[in-house]
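**Student:** Sharing a structure, written as structure tokens. Questions coming.
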Amino acid sequence: MNAFPPVLKRLALGGAQWGAHAYGIANTQGVLREKDAEGIINYAVERGIRSFDTASSYDTSECVIGRALADCPAARIVTKTPVFHSKVVRSEHVEVLIKAFEDSLEHLKVSQVYGLLIHHSGDLLVPGGHLLFDAMKTLKDLKRVSKIGVSVYTAEQAHAVLAKFPVEIIQLPMNVLDQRFLSEEWLWALASRGELEIHARSIFLQGALLMSPQTIPNRIRFLADPIEKFRKTALEINLSPLQGALHFVLQQKALTQVIVGVHSCEELQQILSATQDCSLHSIDWTGCAIDDPDFIDPSRWKPV
Ligand SMILES: NC(=O)c1ccc[n+]([C@@H]2O[C@H](COP(=O)([O-])OP(=O)(O)OC[C@H]3O[C@@H](n4cnc5c(N)ncnc54)[C@H](OP(=O)(O)O)[C@@H]3O)[C@@H](O)[C@H]2O)c1
């Protein structure tokens, strides 16, 4: 039995990069071939990664994960509901959620998953939103999912959802430039009491944090100075940008899962090596934080 480093228990691979659409600000390779994506997943499993994040809206991603993990019963998969963006939630939305979940299980070739998250938190906050949450609770009672939760973009969304619904998992964006959730002590208190799992994504800000100044595309040129400041801070303590970005999130002890996206086995191997090399003595990264959501929320970046 391979004794993999404990840090790998916290590392998860994200599946948005394995869909049928090119994903990521740094993506110069376009859409990944399915067999290449399966190769990355097999590479990950062989090196001790067991957690995978995907969504029904990532089109082929669930099928790719299902094929690649067919012989890996220990895998912990988190998927997400469709995005409704409806002013009111009605019973037909509940039917769509359940049908999409059944399809997800079929695509993933499993009878149950570890987590099911509401992909768009606003769907829970409109009139009738409780119908979606009740349906997810029923799926949990039927042992089709172990934990139910929500994916958010802002602390306001997290506040609003957790004030109304006893979610067990929250997925949120976090990286060395986007430290907005660190000041939400109530959230970390819930996690420390074991009442909530916190999963972080956007660790590399869709790859922007790992770009050299020359390759930063015009549409995020406003990030050039903050990224350069981060690179300098990392260099001062002999860390590469990759090590620095990983060090920042891995030192947040209450984070259950750190989700990274990759387009190749090479990228994944670099991440695995970086997690091994960077000792987790505490480093103050607060100087790298920026608060402007237009800068740090990729969903607000102007499309190509
Ligand atoms: N609302 C939601 O629920 C939501 C939203 C976003 C993401 N997610 C989840 O989070 C996952 C991660 O996506 P993310 O947007 O957060 O991405 P991320 O992890 O911040 O960045 C991923 C990008 O970083 C680059 N990268 C990774 N390893 C690298 C290496 N060793 N060297 C250089 N570049 C490297 C790759 O870009 P290139 O290969 O293109 O250079 C990769 O696409 C997604 O797959 C998805 O599962 C969920």
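**Student:** What is the pair-distance distribution P(r) of the chain, computed from all Cα-Cα distances in 10 Å bins starting at 0, with each bin given as a whole percent?
**Tutor:** 6, 28, 36, 24, 6, 0
**Student:** For N238 paired with S111, estimate the spin-label separation in nm (one decimal), with each label point 7 Å from Cα along the Cα-to-Cβ line.
**Tutor:** 5.3 nm
**Student:** Also, I was wondering about something else. Counting only pairs 8 or more places apart or on different chains, how many lysine pairs in the stretch 7-300 have C-alpha atoms closer than 13 Å?
**Tutor:** So the count works out to 4.
**Student:** Accessible area per residue of the stretch 141-196 at 1.4 Å probe, in Å²?
**Tutor:** Per residue, the stretch 141-196 has 43 Å² of solvent-accessible surface.
**Student:** Sticking with this one: Starting with the highest mean, order 144-153, 281-290 by the number of other Cβ atoms within 10 Å, averaged over the residues of each peptide.
**Tutor:** Packing proxy ranking, top to bottom: 144-153, 281-290.
**Student:** Another one. Amide H to amide H, which residues 5 or more places from S51 or on other chains are under 5 Å from it, using H placed in the peptide plane?
**Tutor:** L13, R76
**Student:** Can you list the HN-Hα couplings for the stretch 143-149, worked out from phi with the Karplus curve (6.51, -1.76, 1.60; θ = phi - 60°), rounded to whole Hz and with x for Gly and Pro?
**Tutor:** So the J values, rounded to whole Hz, are 6, 8, 8, 7, 9, 10, x.
**Student:** Here's a follow-up. Between the stretch 1-44 and the stretch 237-304, what's the alpha-carbon centroid distance in Å?
**Tutor:** 16 Å
**Student:** Okay, moving on. Determine which residues of the stretch 72-90 fall in the zone a paramagnetic label at V126 would reach in this model, i.e. backbone nitrogen under 16 Å from the point 7 Å along Cα→Cβ.
**Tutor:** 81-90
**Student:** Further, regarding this structure: Of the peptides 223-230, 89-96, how do they stack up when ordered by the mean number of other Cβ atoms within 10 Å, highest first?
**Tutor:** Per-residue mean Cβ counts within 10 Å order the peptides as 223-230, 89-96.
**Student:** Amide H to amide H under 5 Å from V113: which residues, 5+ apart in sequence or cross-chain, H placed 1.01 Å off N in plane?
**Tutor:** V145, S146
**Student:** Quick check: at a probe of 1.4 Å, how many percent of the accessible area of the chain sits on carbon and sulfur atoms?
**Tutor:** 55 percent
The values are calculated or read from the model by the stated rules, or taken from the named source; none is laboratory data. All values reported here derive from a predicted model rather than from experimental measurement. Glycine gets a Cβ as well: all are built from the backbone with ideal geometry, and neighbour counts include every protein chain shown. Just the protein is used for accessible areas: all its heavy atoms, side chains included, with ligands, DNA and RNA removed. Shrake-Rupley method; radii C 1.70, N 1.55, O 1.52, S 1.80 Å.
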